[in-house]
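The values are calculated or read from the model by the stated rules, or taken from the named source; none is laboratory data. This is a predicted model, so every value here is computed, not measured. Note: ideal-geometry Cβ built from the backbone for every residue, glycine included; neighbour counts use all protein chains shown.
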Amino acid sequence: MVWMWSSRLFWKLFLTYAGLVLLAVSACIAIVSGWQEEQLVEQVRRRLHDSASLLRNDLGDGLAAGRSEALQQKVRLLGKQTQTRFTLVAGDGLVLADSEQPGLAEVVAMENHLSRKEFILASRLGEGLSRRNSPTLGEPFLYYALAVDQDGILVGYVRAAQSMASIQEEVGLIRRLIWSVGFLVGLSGLAITYWLTRRILRPIRELTAAAEDIAMGNYPDRIEVHSTDELGTLARSFEHMNSELRSREELLRASAQRQHAVLGGMIEGVLAVDGRQQVLFANAAAGRALSFDPAKVEGSPLLEVVRSHELRGIVRQTLHSGELCQGDFSWQADTMRMFNVYATPLPGDPCPGVVLVLHDVTELQRLESLRQEFVANVSHELKTPLSSIKAYTETLLSGALEDSKNAPRFLRRIDDQADRLHELILDMLSIARIESGAGTLELADVSLNRVVAVCVSDYESRIEASRIELRNEVDSEPVIVRADEESLLQILSNLVDNAVKYTPSGGVITVSCRRELADVVIEVSDTGVGIAAEHLERLFERFYRVDKARSRELGGTGLGLSIVKHLSQAMGGSVSVESQLGQGSTFQVRIPLA
């Protein structure tokens, strides 16, 4: 109810209708009141006409005789009987008798009436009507005069008059009654106007409230409008629109959620910018890659979010050309990273924005660099023994084969280089098989004690020749690990072989183990030459050598430690090294316990 008093539309409709109702009622009251007054005056006029006609017929012949007391008393008596004022006037305007005067003397004192309006009209038309205050009595009267003729000669006038006080009182009564009725009718009209205005405004209010709910995202199930007119039709249309909007919003929300899930789950970073190069959207991958919070960058300039003029140049080129552009840019975070960018223009003319898809190619470039380095290393490693074999072979073919002193030495060198070439190829195939997953390891419960014992026994003769002490300090109680036995033996063999190569005579090599939670840590330590700190990070890379000349002299392929790393990781473990130059090295292999 309160809402109506503050509604401007309610007051517009209500005051307009109320004004029309009051205007119509007032007009009706005025018309009816005027008509009623005219009717009363007409009734009095007819009565006066009839009274004057009777008086003319009765006393018209006596007008020529002039004034007399008998005539005065007779007129006075008729006036009392009929409650009407009668006046007899001669043709020259002298009053002959008046029913309101007590005697002839008073009549004689009355002024000439020839100038009165009713007598002027009667002289010309035979009858005359006038409404005015009586100068004699000082009251409002209605006068009606008839001309009296004798043989076609005007001899005087007969006038009948009625006081208007009673008429006005009656008219006032009727007017008050009409105004009372009009007031009741107007009040009823205002009540009906209020009801109609409220009935009209209620559906509009319901529709307005529903529109506000829809604008806020709250979709009502039904709009409470029960009318069957145009507003009812509008409400049904509104309900249909509400249902369609709700369905479409649900579809859009589902589509947005799918899109958000897809973009959020992408490994590639996605950025969308508008024509002014302000960020419209960024997924989580882009935030992680370029070190910003995707939820806080919407609306920010791209150059503030990603301070890269290379990326800005790609965006500007795409906006200008309206075609797909591709480029690269570097980004310095914790480390230098490289990104390949695909910039796709949004549809529209002019181009309203650009979608950027960022591919992190840092790892690809690193792998490409490793591949190139690997090819170069392989080529170099293969070239050395092949060159030696070819040189010795050519020497033998050139006549050295007949030299009984040098020929056997050349053949042994060829055999050594062939063996080295064979080991290199086997190690390369082993790494390739491990990395590709083709050589699937058969993990089982393996006795570490037995594997270490086998490895130590394999190197006994070589240890004795090099005068190096090899100690097996693995616990006497069984240690069972989850591993591939052949791979575990290969790991230990490579580590012990490296220790033997780089430990001088009189040195000590120790193989030990210890338990750490669910793992066992195998340690192979030596008292050899040690490794400088700057080499430790790259020690497990393929073909990486600390001392290249000595490594080749000792017959190493440069792949042993790389094989150790890959085999350890394949069995769910890891490998690490601790070393100081001149103080030996300790290699630690972590393998899960059974």
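In table form, for the structure just shown:
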read-out	value
Restricting the stretch 508-536 to residues that are within 30 Å of Glu464 (Cβ to Cβ) and acidic (Asp, Glu), the residue that is surrounded by the most Cβ atoms within 10 Å (Cβ to Cβ)	Asp526
Test for Pro301: is it surrounded by 12 or more Cβ atoms within 10 Å (Cβ to Cβ) and not acidic (Asp, Glu)	yes
Total residues in the stretch 273-284, condition touching a residue at least 24 places away in the same chain (Cβ under 8 Å) and either surrounded by 19 or more Cβ atoms within 10 Å (Cβ to Cβ) or of a type in the set (Asp, Glu) (or both)	3
Residues of the stretch 57-87 classified as modelled with pLDDT under 80 and of a type in the set (D, E, K, R), total	2
Candidate set: the stretch 74-93, residues that are surrounded by 15 or more Cβ atoms within 10 Å (Cβ to Cβ) and without any contact (Cβ under 8 Å) to a residue 24 or more places away in the chain; chosen: the one farthest from Ala145 (Cα to Cα)	Lys74
Filtered residues of the stretch 240-299 (kept if under 30 Å from Asp213 (Cβ atoms) and not in a helix (DSSP H, G or I))	Leu280, Phe281, Glu298, Gly299
Top-ranked residue in the stretch 420-461 [being surrounded by 14 or more Cβ atoms within 10 Å (Cβ to Cβ) and of a type in the set (Lys, Arg); ranked as modelled with the highest pLDDT]	Arg450
Matching entry among Val454, Val520, Val529 (being out of contact with any His (no Cβ under 9 Å at 6 or more places or on another chain), in a helix (DSSP H, G or I) and β-branched (Val, Ile, Thr))	Val454
Gly584 vs. criteria modelled with pLDDT of 85 or more and over 27 Å from His422 (Cα atoms)	yes
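Okay, residues lined up against (1) modelled with pLDDT of 80 or more; (2) more than 15 Å from Phe587 (Cα to Cα); (3) in contact with a Leu (Cβ under 8 Å, 6 or more places away or on another chain); (4) not assigned by TED's automatic domain parsing to the domain that holds Val446:
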{"position": "Ala499", "(1), (2), (3), (4)": "yes, no, no, no"}
{"position": "Val521", "(1), (2), (3), (4)": "yes, no, no, no"}
{"position": "Glu537", "(1), (2), (3), (4)": "no, no, no, no"}
{"position": "Phe540", "(1), (2), (3), (4)": "no, no, yes, no"}
{"position": "Gly556", "(1), (2), (3), (4)": "no, yes, no, no"}
